[in-house]
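Inspection log for the structure reproduced underneath, given as structure tokens.
The values are calculated or read from the model by the stated rules, or taken from the named source; none is laboratory data. Keep in mind the model is a prediction, meaning the values are calculated, not measured. With ideal geometry, Cβ positions are generated from the backbone for all residues, glycine too; neighbour counts draw on all protein chains shown. Accessible surface areas use protein heavy atoms only, side chains included; no ligands, DNA or RNA. Shrake-Rupley method; radii C 1.70, N 1.55, O 1.52, S 1.80 Å.
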Amino acid sequence: MPDADRRDVQGKGFLNHMADKEQSPLAGRSNHDGKLSQPEKKLQEAICVLLVELCERFTFFGIVCNMIHFCTVKLGYRSYQAAIVNMGFVGTSMLTPVLVGWIAECLVGRIKLVCICVFLHFLGTALLPVVSFPFEDIYIDRRHVLHTLPKREQKIVFYFALLTASLGIGGIRAIVCPLNAYSLEDCGPKELLSFFNWFYWLVNLNSAVVFVSISYIQQSVARNLGFLIPFVSGIMAIITIHMMRGEMIYKPKADSSLLTTFGVIGSALRTHCVRHHYFSGDVTNWLDHAKENCGGQYSEIQVESTKSLARLFPLFTFQILYRTCLMQIPSGYYLQTMNSNLHFSGFVFPIAAMNVISIVPLLILVPILECINSSCLFSSKDTGHSPAIYIVVGQFSAALSVMVAGFSEIHRKHFPQVEQMLSEEVLLVSSMPCFHLAPQYILLGVAEALVTPSCALLSFRLVPERIRGISMHFLALFNGAGCFMGAFFVQTAHAGTQGNWFPHLLHEGKLERFFFFLASLMMVNTLGFWTIAHRYNKLHQDYTNEFRGSLSGEKLLKHEKAIKHYNTVLESSPILPPVEES
């Protein structure tokens, strides 16, 4: 049985409604050779993929959760610099799966690349504890502390560790556990949205555990020891990949790739420019210039698939600013919490644990949304509403969250300042309890519960099956762009206002102005997407038939080529056959 077919049979175990398709010659094979039966292999593969996914997310959130605190207190960075580093790491971790996926397609085999990425992941998570040495609870005496590093070498190792860890994360996400590995091809819109809802529910539950445990260890118990937890999580992921390396590596179909998509766009642009200067255009869409019957070099299916993907570009574009707002949790919101009173009944509340407040709404809303989806959203093909309405409401909630953050910053400054000890550093902070910041976290959590699963559904459903992986890659590209745009906004706000809009010491600046500016942009972004949301209502249209209606053009092109070839043969042949010489 071919490898692609074997993968398709194994992946069907994720969905109950696909049980009828799980029969194959391998399923009835006897197990006298000691191998697992087909259902057992599928169950083991599903568990293994899920474990790798959770371990990777555990590692990622463990690195991110207290990076600003580590950069400001231990490395001596300014607040805006720490925020830029954090958003840059998150954005890089979103872009590396696309890069690694391209390398796997063109340069290196998938198995070999997995081994390289696993090593990089292990190296990055192992170097982070080196940066955090010395441990305050492990020393010889007060004057001789173990493993001291100068600041310059510490920063070099820190950046190298972040780079290698992000490359490893990208390889694991792109090759070992992409969404296509869950075999969602035959799912309808309702089943897809249900999958994405519970998938992100599980990921956020995992992140809640990370934010509570690691943040407390890093801040209160053994501050720097928290970086060892991502290291241990990386080892777990490596062991899981090693156990099932030959069975869980997803192999995409060879007829679609990022290079083909970019090639179609490039060919269409070149042909369009040439025809614009020398000929009059006669195509309905500029991407049609890439078709073979219009002077291009790509087939009808490839161009039509790219056109369906191009229709999603407005959706992706409107996600950039939303992702920028979402990145305020590990940057602007984190700094607000860090500069608020963390003491609660004699207990020092971990800074990163405030992220759990944004996760709780998602954990509560998912079961409620499942009921709404069944009763209203997908009740009928004709009267049902598109999940695009969820994106509109979610983006509005994100804009409202950032606006509330601005008012909370004004409210925070009205409280008198007090001294607060963080990692043996005395900071001058507001006496306002950090729980007063809860509304902005809750609103952003509601936004994430509504936007992310719905956007993933539209990106996966509204394109043909053959390019769904490419569509998810483009969504990751635009999400990563949102992270880097957030870093650009922070740098610009700090430089353009001489540190007033994004100050190092919040009580000396006007951080609320930065929040109000971002909220205004997000409100305009929400209105813009609302005007085009109707484009993404046709969820029940069958995109998996590879544009059967448009294949007539490709068939006609083949007939034209055959006729041209036949005419060439006739022209090169004499009208009458030669007379045989006797």
Output yes when any residue across the stretch 362-371 is at pLDDT below 85, under 16 Å from residue 64 (Cα atoms) and surrounded by fewer than 24 Cβ atoms within 10 Å (Cβ to Cβ), and no when none is. no
So residue 408 fits all but one of (1) touching a strand residue (DSSP E or B) at 6+ places or on another chain (Cβ under 8 Å); (2) assigned to a helix (DSSP H, G or I); what number is the exception? (1)
Which listed residue is open to solvent by 20 Å² or more (accessible area, probe 1.4 Å) and at pLDDT 90 or above, from 475, 400: 400
Pair list, Cβ under 7 Å, 6 or more apart: the stretch 90-102 residue at pLDDT 90 or above, other residue of a type in the set (S, T, N, Q) and assigned to a helix (DSSP H, G or I): 92/166; 93/166; 94/479; 96/166
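Could you tell me which residue of the stretch 106-118 is modelled with the highest pLDDT, considering only residues that are assigned to a helix (DSSP H, G or I) and surrounded by fewer than 18 Cβ atoms within 10 Å (Cβ to Cβ)? I'd like the intermediate steps shown before the answer.
Residues of the stretch 106-118 that are assigned to a helix (DSSP H, G or I), as a first pass: 106, 110-118.
Right, trim to surrounded by fewer than 18 Cβ atoms within 10 Å (Cβ to Cβ) and you get 106, 111-112, 115-116.
Values: 106: 75, 111: 77, 112: 80, 115: 83, 116: 87.
Among them, the one singled out is 116.
So that you can scan it fast, the table gives a plain yes or no per residue for (1) in contact (Cβ under 8 Å) with a residue 40 or more places away in the chain; (2) over 27 Å from residue 415 (Cβ atoms):
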residue	(1), (2)
320	yes, yes
325	yes, no
330	yes, no
337	yes, no
341	yes, no
351	yes, no
360	yes, no
368	no, yes
Regarding residue 314, is this residue at pLDDT 80 or above, surrounded by fewer than 21 Cβ atoms within 10 Å (Cβ to Cβ) and closer than 30 Å to residue 514 by Cβ? yes
Those residues of the stretch 129-165 that are at pLDDT below 80 and open to solvent by less than 70 Å² (accessible area, probe 1.4 Å) come to a total of 12
So, residue 474, is that one in a helix (DSSP H, G or I) and either of a type in the set (Ser, Thr, Tyr) or over 26 Å from residue 504 (Cβ atoms) (or both) or not? yes
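So is residue 387 modelled with pLDDT under 90 and under 16 Å from residue 455 (Cβ atoms) or not?
yes
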Of the conditions (1) open to solvent by less than 10 Å² (accessible area, probe 1.4 Å); (2) at pLDDT 95 or above, residue 506 satisfies every one except a single condition; which number is it? (2)
Condition set part of a loop (DSSP other than H, G, I, E, B) and of a type outside the set (S, T, N, Q), scope the stretch 327-343, selection nearest to the chain's Cα centre (by Cα): answer is 327
In the stretch 58-79, how many residues are at pLDDT 85 or above, in a helix (DSSP H, G or I) and surrounded by fewer than 22 Cβ atoms within 10 Å (Cβ to Cβ)? 1
Would you point out the residue of the stretch 408-435, among those that are closer than 30 Å to residue 369 by Cα and open to solvent by 10 Å² or more (accessible area, probe 1.4 Å), that is modelled with the lowest pLDDT? 435
Criterion violated by residue 488 - all others in (1) more than 26 Å from residue 204 (Cβ to Cβ); (2) touching a residue at least 60 places away in the same chain (Cβ under 8 Å) satisfied: (2)
What are the residue pairs meeting all of these: first residue in the stretch 198-215, first residue touching a residue at least 12 places away in the same chain (Cβ under 8 Å), second residue acidic (Asp, Glu) and open to solvent by 20 Å² or more (accessible area, probe 1.4 Å), Cβ atoms under 9 Å, and 6 or more apart or on different chains? 198/370; 200/448; 204/448
Mind counting the residues in the stretch 436-464 that are open to solvent by 30 Å² or more (accessible area, probe 1.4 Å) and more than 25 Å from residue 202 (Cα to Cα)? 1
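Being more than 30 Å from residue 401 (Cα to Cα) and either hydroxyl-bearing (Ser, Thr, Tyr) or under 20 Å from the mean Cα position of the chain (by Cα) (or both) is the filter here, so list the residues in the stretch 281-326 that pass it.
Initially, the stretch 281-326 is screened for residues more than 30 Å from residue 401 (Cα to Cα), giving 281-310.
Correct list: 284, 298, 299, 305, 306, 308, 309, 310.
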